[in-house]
Amino acid sequence: MVGLNSIATGLRRTALIPAVFLLLTIILAGWHNNRRPRAIALLPSLTNQPEYCLSCHQDLPEISRSHPFQAFGCVLCHGGERLSLEADLAHRSMRGGRNPSDLTVAQDSCGGSNCHTGEAAQERNHVQRVLTSVQATYAGAIANLRYSFGAQPDLTARMGIFAIRDEHIQTPTGLPGLEAFAPENETNPGIQAFAQNCLNCHLSAEPLPGEETSRLTGCAACHSLTAGDDLDQPLHSLTLKIPYTQCNTCHNRGNYDLRNMHFVPRSDKPQDRLHDYYQPIAQFVRCEWTLDCIDCHTRYEIMGDGDLHSNQREIRYIQCRTCHGTLDELPLTRTITDPEDLALRMSFLNPVIDLGGGDTVLVSSRGEPLWNTRRLADGSYELFGKASGQRFTFRAVKGSACQQNTAEQESRYCHECHAVER
Amino acid sequence: MSATQSRDSSEKQASIQVARGQGTTRRGFLSLMTKGMVYLSGLLGLRGLISFLVYDSGPTTQTRINLGASSNYPPGTRTLVAEANAILISQEGGVLALSLICPHLGCLVGETPDGFTCPCHGSRFDRSGGLIRGPARQSMVRLEIEVDRDGNLILSMA
């Protein structure tokens, strides 16, 4: 009997230990489960596939009016595991980390039919055009440096930040392709120093430290306003209202000293827009330091025209006469009759101007509508700031008291009389 | 029985007697604890099982929606069906159901005096959903609608 009692006691003792483990295991499982966020499902109308990103990211603002999360969801642009509530797993396959518009992934994130690539119309293939732009390839700077140090015989670009080919050249200066710039293959120390110190203002480069140069990469370098901000803070915003300050994160920071290939940040601290304008030694007319850059410079100039070019000059064609004409000619215009006119679409997306059929807008020498302008009944013109919304009116040169030599119509000649002393 | 075993047995008996003096035995206490933990584990496990079985996996798409008696939609009326993101346009010839999801990129179009406009990218449609202006490339999607044997309008989302 004693033996049986001992066995029974032993069993009770051995049952206690598994019971403790069982309880602890269940409590731990429950605790772990409760640590997960409360699942919040979203069923985007475009994909019709549930995703649970809002379980943690409800506090993020809508990224733009054109990309509502109810229609797009999150995964379509950002990638990631849409069903996961575990942060690590959910984020593991995200495109471009926090920035899906980085040029390494923009084609997948922002592109696609009906989005920003894959269209028959070149004007809608934004990602493809941007990849060919000099802001992305940096081909002009690379060609200039290599030519200056004797690594190539002329200024025609041969290399870019990444290798790229263009099968459909549409302009006289278009190039068939660029090789990837490989500093390790360069023998000149000047070019190597350039590669080490100066490749920080193209669209794939991380910016220099400092609030003045604070920007993201890819599409977000321009369309997410970061100037003067701390990049560590969450940023979930895309805009077409791009002020000059965003352009200045690359274009107005200082200069490169070509003797030692080092960046020299500007030392002045401008207090007003006139003195904040690009390059302290130069002079500018009122438009240039009153308007924002995008008020005049077009999408083809800024985001590329689809061709690979050797330098900025080949793609920069907006002149004073684009808006003001010459002594002999009025500026080019177009009266809107087509409901699909790009001007109508743009003025819908950034409604600083209420354009409609029958309105006459200025057009560039390449036929692009300057959709933020309109000809008025008295023959003058109005322009609305794309970022500021401010209204400006102006007249054509023709019929004015301007005494300009008709053979000298480039902007630099206009500056001779109209530049402002600083 | 050795002297050591005899001493252990005596201490054990003494311990049991002490425990009995306090109202329960050590054996009983351990047994109670074991049972308690097993029952508590069972309850917690059951709670987890119930949570699993009644888990709301999120929104699902309804494929058929009963809109009630067709007589509620007389000719000339336009009725928003919010749960289906659709609009019913009742005409003399019958009822037309249009999806308000823009055929371009899935935003919800809004009704205007002269038709529908997509707030995201500006596509415009006439009052019957016909395409006026892109970037959408097709008219608004027409949904299937039928009257069942009880006279109710059934909207089919598939």
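The values are calculated or read from the model by the stated rules, or taken from the named source; none is laboratory data. Bear in mind that the values here come from a model prediction, so they are computed numbers and not experimental data. Methodologically, a virtual Cβ is constructed for each residue, glycine included, from the backbone with ideal geometry; neighbour enumeration extends over all protein chains shown.
Yes or no, residue by residue, for (1) of a type in the set (Lys, Arg); (2) surrounded by 15 or more Cβ atoms within 10 Å (Cβ to Cβ):
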site	(1), (2)
A:Leu76	no, yes
A:Arg98	yes, no
A:Gly111	no, yes
A:Ala136	no, yes
A:Arg146	yes, yes
A:Ala157	no, yes
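Cβ separations smaller than 8 Å between residues 6+ apart or across chains give the following pairs from region A:274-291 residues that are within 14 Å of A:Asn248 (Cβ to Cβ) and surrounded by 17 or more Cβ atoms within 10 Å (Cβ to Cβ) to residues that are modelled with pLDDT of 75 or more and among the acidic types (Asp, Glu): A:Tyr277/A:Glu288; A:Trp289/A:Asp276.
Please enumerate the residues belonging to region A:185-203 that are surrounded by fewer than 19 Cβ atoms within 10 Å (Cβ to Cβ) and under 17 Å from the mean Cα position of the chain (by Cα). Across region A:185-203, the qualifying residue is only A:Asn200. Looking across region B:100-138, the residues that are surrounded by fewer than 21 Cβ atoms within 10 Å (Cβ to Cβ), more than 8 Å from every other protein chain (Cβ to nearest Cβ) and over 19 Å from A:Gly356 (Cα atoms) come down to B:Pro103, B:Gly110, B:Glu111, B:Arg127, B:Ser128, B:Gly130, B:Arg137, B:Gln138.
Rundown of residues vs (1) in contact with a strand residue (DSSP E or B) (Cβ under 6 Å, 6 or more places away or on another chain); (2) within 30 Å of B:Leu143 (Cβ to Cβ); (3) within 12 Å of another protein chain (Cβ to nearest Cβ); (4) modelled with pLDDT of 75 or more, yes/no style:
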residue	(1), (2), (3), (4)
B:Arg47	no, no, yes, yes
B:Pro59	no, yes, yes, no
B:Ile65	yes, yes, no, yes
B:Ala82	no, yes, no, yes
B:Gly93	no, yes, no, yes
B:Ala97	yes, yes, no, yes
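Being over 29 Å from A:Lys241 (Cα atoms), among the β-branched types (Val, Ile, Thr) and in a loop (DSSP other than H, G, I, E, B): is that true of A:Thr117 here? Here the answer is no, as A:Thr117 does not meet what is asked.
Counted as qualifying within region A:38-81 are the helices (runs of 4 or more DSSP H) with 3 or more residues that are more than 9 Å from every other protein chain (Cβ to nearest Cβ) and not small (Gly, Ala, Ser), namely A:54-57, A:75-78. Would you please name the residue that is modelled with the lowest pLDDT, looking only at residues in region A:391-422 that are loosely packed, with under 14 Cβ neighbours inside 10 Å and polar (S, T, N, Q)? If we take residues in region A:391-422 being loosely packed, with under 14 Cβ neighbours inside 10 Å and polar (S, T, N, Q), then A:Thr406 is modelled with the lowest pLDDT. Taking region A:42-56 as the range and being buried (at least 17 other Cβ atoms within 10 Å of the Cβ) and not aromatic (Phe, Trp, Tyr) as the test, the residues that pass are A:Leu42, A:Pro44, A:Ser45, A:Leu46, A:Pro50, A:Glu51, A:Cys53, A:Leu54, A:Ser55.
So, in region A:25-37, of the ones that are in a helix (DSSP H, G or I) and touching a helix residue (DSSP H, G or I) at 6+ places or on another chain (Cβ under 9 Å), which residue ends up nearest to B:Ile101 (Cα to Cα)?
By that ranking, first place goes to A:Asn33.
Look at A:Arg366 and say whether it is of a type in the set (D, E, K, R), closer than 23 Å to A:His116 by Cβ and not assigned by TED's automatic domain parsing to the domain that holds A:Gln403. Considered against the rule, which asks whether it is of a type in the set (D, E, K, R), closer than 23 Å to A:His116 by Cβ and not assigned by TED's automatic domain parsing to the domain that holds A:Gln403, A:Arg366 comes out as no.
A:Leu85 passes every criterion in (1) part of a loop (DSSP other than H, G, I, E, B); (2) buried (at least 20 other Cβ atoms within 10 Å of the Cβ) apart from (2). Taken together, the residues in region A:293-348 that are out of contact with any Ser or Thr (no Cβ under 8 Å at 6 or more places or on another chain), assigned by TED's automatic domain parsing to the domain that holds A:Phe392 and acidic (Asp, Glu) amount to 4.
Where helices (runs of 4 or more DSSP H) fall entirely within region A:299-388, those with at least 1 residues that are over 30 Å from A:Gly177 (Cα atoms) are at A:320-324, A:342-349.
Under the condition of being among the hydrophobic types (A, V, I, L, M, F, W, C), surrounded by fewer than 18 Cβ atoms within 10 Å (Cβ to Cβ) and under 30 Å from A:Gly140 (Cβ atoms), the residues counted in region A:316-331 number 0.
Could you check region A:33-89 and list, in sequence order, the residues that are among the small types (Gly, Ala, Ser) and within 21 Å of A:Thr239 (Cβ to Cβ)?
Residues satisfying the conditions are A:Ser64, A:Ser66, A:Ala71, A:Gly73.
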